[in-house]
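The values are calculated or read from the model by the stated rules, or taken from the named source; none is laboratory data. Worth saying up front: this structure is predicted, and the values here are computed from it rather than measured. FYI the Cβ positions are ideal-geometry reconstructions off the backbone, even for glycines, and counts take in every protein chain you see.
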Amino acid sequence: MIGLRVIAAGPGATLQDRGRHGWLRFGVTPAGPMDRLAFATANRAVGAAPDAPAIEVSLGGLDVAAEGAAFSVAVAGGSFRITLDGHELPPATRVELEPRARLSIRPGSAGSWTYLAVAGRFDVTPVLGSVATHTRSGLGGLQGRALAAGDFLPVCEPRCLRPSIARVATPWLDRPGNTISVMLGPQDDYFDADQIAVFLTADWTVSARSDRMAYGLEGPRLHHAKGFNIVSDGIAMGAIQVLGEGRPMVLMADRQPTGGYPKIATVIGPELGRLAQLRPGTRLRFAPVSVTQAVAARQAEAQALMAPLQLEALTRTEFSPEFLLGLNLIGGVSAGREIP
Amino acid sequence: MTEAYPRFLDAGEAALVVEFGAGVDPAINDRVLALDAAILAERPAGLSETVPTYRSLMIHYDPLVIARADLIATVERLLVNAAAARRPGRRWTIPCCYEPAYGEDIGRIAEMTGLTPERVVELHAGATYRVYMYGFAPGFCYLGGLPPQLAVSRRETPRAPHPPNTVLIGGGLTLVSTFSMPTGWWLIGRTPERMFSLSRHPAFLVDVGDALRFEPIDATAFAALDARAAADDIVARREILK
């Protein structure tokens with residue numbers, strides 16, 4: 001059987017696709033990637049559909065090996081440390097995995113999430129139309145849980161892509177700056193103007209208590225103008241709810257579908273990935289944008305995904321001769337080229 | 001202060017909240033469900049999904065396909081005749097075993113309310129409930145219409161995980177909790193019916209807006225119905241209301 005064997009997995013490595021959409025009305029959280037742009041980029045680098053299943057890797061890291069046959073995989077996302085049998089690769093990489101070669105993903109210089117996509121298709125049975133893992137409700141992925149050492153993910157139609165080791169150019173994943181764009185609302189009227197001003201000018205710090213469900217924010221306490229209980233309503237990804245004691249938290253991919261705390265603002269869709277990549281302890285600020293500005297940012301995000309993907313074959317100087325012989329490189333070195 | 005409803009609130013650039021009121025009220029919820037039915041019947045391009053809740057409808061959309069202003073114009077047009085879009089209501093009769101091994105808190109509920117245990121069951125099974133909304137977890141739906149005599153405060157400390165398919169009361173509501181989980185609510189009974197089963201079509205038994213009643217059954221009937229429900233038979237009865 002051809003597939004990917006998990007050799008070691010830190011907490012929080014999960015199979016994701018675009019998410020389990022269409023079931024919110026029945027209390028089902030969509031889940032899906034924390035950084036949708038990085039997720040789609042990894043899939044594009046192996047020629048897969050942008051919303052195909054891929055593995056989301058957290059700061060806990062992941063070690064995998066191909067079994068049954070060689071096939072190509074791509075990694076893209078935060079600046080993680082990627083090694084193949086101990087040889088360092090760029091954080092955004094496409095590489096052919098020979099059986100038994102060990103691909104290791106570890107936290108690097110920046111970023112909280114990276115994505116591992118395969119040239120082929122993870123053969124996992126969808127639940128309510130999606131393989132996205134939501135561990136809290138036990139849906140999707142492998143038995144609704146995070147990946148663990150020993151797990152095997154079958155891969156259909158595995159392919160080996162050329163060049164067999166390449167750096168993937170992902171300029172759109174360089175998203176510097178720690179100012180996150182938000183649209184105020186839906187319950188900004190639960191806060192007086194001075195509290196909105198505090199929210200928009202304070203330095204916030206990503207709390208250590210941050211995960212796929214929510215990113216906690218440390219900073220000043222925000223005071224509610226008319227209590228902190230609302231009649232429960234829907235929660236969009238990126239909603240910033242303010243709890244009873246005045247602490248804001250950003251609700252992320254694994255959020256509850258509905259809730260009863262006022263939501264002062266919502267992180268716009270194209271900024272969610274950038275926020276998700278901030279590590280606990282990182283400082284950030286929020287800046288208000290209009291719906292027109294938010295839609296323009298969304299348009300730019302869509303265009304980044306349409307741009308031709310540049311792959312640069314890695315040269316011999318970056319690898320030992322033994323290593324390259326072991327990889328059976330065809331043509332050895334080539335200039336950067338596009339994949340279709 | 002009076003608010004003009006409906007209000008259009010942004011939940012980011014890809015979700016619009018249409019709010020019809022501030023409280024829990026069947027008339028407000030009716031307006032939510034009417035707009036939900038109308039927009040799902042029309043399915044304008046760019047509509048992703050809708051989430052009906054007590055007093056608002058969240059509309060997820062793709063703003064690169066439909067602009068916010070056009071979506072609002074569509075909603076305003078649909079609201080004119082929205083009430084006509086609703087399909088006939090449905091009323092479910094859900095079997096429920098209230099015997100002490102199943103409704104373990106009935107004695108406590110009787111103490112807190114000053115009612116006899118028999119009267120607690122009579123009141124719970126005598127009411128007709130409205131499915132207001134789903135939330136919290138898959139298949140977890142909130143049922144309004146609990147008789148006011150049964151409105152008890154929550155537990156002081158959460159109980160260890162209850163059995164699957166437990167019927168709970170708390171916070172002036174009742175609900176059926178399909179999965180075993182810790183709870184701050186009170187266990188009043190257990191149903192053999194599955195509100196949510198992935199292997200059954202439909203996976204979710206009831207829709208928001210449906211009416212629901214509980215019918216007392218004994219432990220023998222529970223065992224027989226539970227065996228059928230485990231094989232994905234629907235053991236609740238459904239009537240279409242005019």
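Per the conditions (1) more than 14 Å from every other protein chain (Cβ to nearest Cβ); (2) within 17 Å of A:ALA48 (Cα to Cα); (3) hydrophobic (A, V, I, L, M, F, W, C), the sole criterion not satisfied by A:VAL131 is (1). Scanning region A:21-45 for residues that are within 14 Å of chain B (Cβ to nearest Cβ) and either farther than 16 Å from A:ALA146 by Cβ or under 10 Å from the mean Cα position of the chain (by Cα) (or both) returns A:HIS21, A:GLY22, A:TRP23, A:LEU24, A:ARG25, A:PHE26, A:GLY27, A:VAL28, A:PRO30, A:GLY32, A:ARG36.
Counting only residues that are at the interface with another protein chain (Cβ under 8 Å from one of its Cβ atoms) and either touching a Phe, Trp or Tyr at 6+ places or on another chain (Cβ under 6 Å) or not hydrophobic (A, V, I, L, M, F, W, C) (or both), region B:47-69 holds 11 of them.
Which residue, of B:ALA14, B:ALA82, is of a type in the set (A, V, I, L, M, F, W, C), buried (at least 21 other Cβ atoms within 10 Å of the Cβ), facing another protein chain (nearest Cβ under 8 Å) and touching a residue at least 12 places away in the same chain (Cβ under 8 Å)?
Numbers: B:ALA82 fails: facing another protein chain (nearest Cβ under 8 Å).
Answer to the selection: B:ALA14.
Filter region A:238-257 down to the residues that are in contact with a helix residue (DSSP H, G or I) (Cβ under 9 Å, 6 or more places away or on another chain) and farther than 16 Å from A:PHE286 by Cβ, then identify the one that is nearest to the other protein chains (Cβ to nearest Cβ). Only one residue fits best here, namely A:PRO257.
When you go through (1) out of contact with any Ser or Thr (no Cβ under 6 Å at 6 or more places or on another chain); (2) within 29 Å of B:THR53 (Cα to Cα); (3) part of a strand (DSSP E or B) one by one for A:GLU245, which number turns out not to apply? Of the numbered conditions (1) out of contact with any Ser or Thr (no Cβ under 6 Å at 6 or more places or on another chain); (2) within 29 Å of B:THR53 (Cα to Cα); (3) part of a strand (DSSP E or B), the odd one out for A:GLU245 is (3). Contact map, region A:232-246: residues that are among the hydroxyl-bearing types (Ser, Thr, Tyr) paired with residues that are assigned to a strand (DSSP E or B), Cβ distance under 7 Å, separation 6+ or inter-chain. Pairs shown: A:SER232/A:THR258; A:SER232/A:GLY259.
When only residues in region A:166-210 that are among the aliphatic types (A, V, I, L, M) and within 14 Å of another protein chain (Cβ to nearest Cβ) count, which is surrounded by the most Cβ atoms within 10 Å (Cβ to Cβ)? Residue satisfying both the conditions and the ranking: A:VAL182.
Can you name every residue in region B:187-203 that is of a type outside the set (A, V, I, L, M) and either surrounded by 22 or more Cβ atoms within 10 Å (Cβ to Cβ) or not assigned by TED's automatic domain parsing to the domain that holds B:CYS96 (or both)?
So the first thing to find is which residues in region B:187-203 are of a type outside the set (A, V, I, L, M), and the list is B:189-194, B:196-197, B:199-202.
Within region B:187-203, B:GLY189, B:ARG190, B:THR191, B:PRO192, B:GLU193, B:ARG194, B:PHE196 meet the criteria.
Can you tell me which residues in region A:83-105 are assigned to a strand (DSSP E or B), crowded, with 16+ Cβ neighbours inside 10 Å and at pLDDT 95 or above? Of everything in region A:83-105, those that are assigned to a strand (DSSP E or B), crowded, with 16+ Cβ neighbours inside 10 Å and at pLDDT 95 or above turn out to be A:LEU84, A:LEU89, A:THR93, A:ARG94, A:VAL95, A:GLU96, A:LEU97, A:ARG102, A:LEU103, A:SER104, A:ILE105.
Within region B:27-44, none of the residues are surrounded by fewer than 22 Cβ atoms within 10 Å (Cβ to Cβ) and facing chain A (nearest Cβ under 9 Å). Those strands (runs of 3 or more DSSP E) of region A:258-314 in which at least 2 residues are away from chain B (no Cβ under 14 Å), considering only elements entirely within it, cover A:283-288, A:310-313. Of all residues in region B:91-118, those that are in contact (Cβ under 8 Å) with a residue 12 or more places away in the chain, surrounded by fewer than 16 Cβ atoms within 10 Å (Cβ to Cβ) and part of a loop (DSSP other than H, G, I, E, B) total 1. For A:ARG136, the criteria (1) within 14 Å of chain B (Cβ to nearest Cβ); (2) charged (D, E, K, R); (3) buried (at least 21 other Cβ atoms within 10 Å of the Cβ) hold in every case but one, which is (3). The single residue among A:ALA54, A:ALA76, A:ALA65 that is over 22 Å from A:LEU139 (Cβ atoms), at pLDDT 95 or above and surrounded by 24 or more Cβ atoms within 10 Å (Cβ to Cβ) turns out to be A:ALA76.
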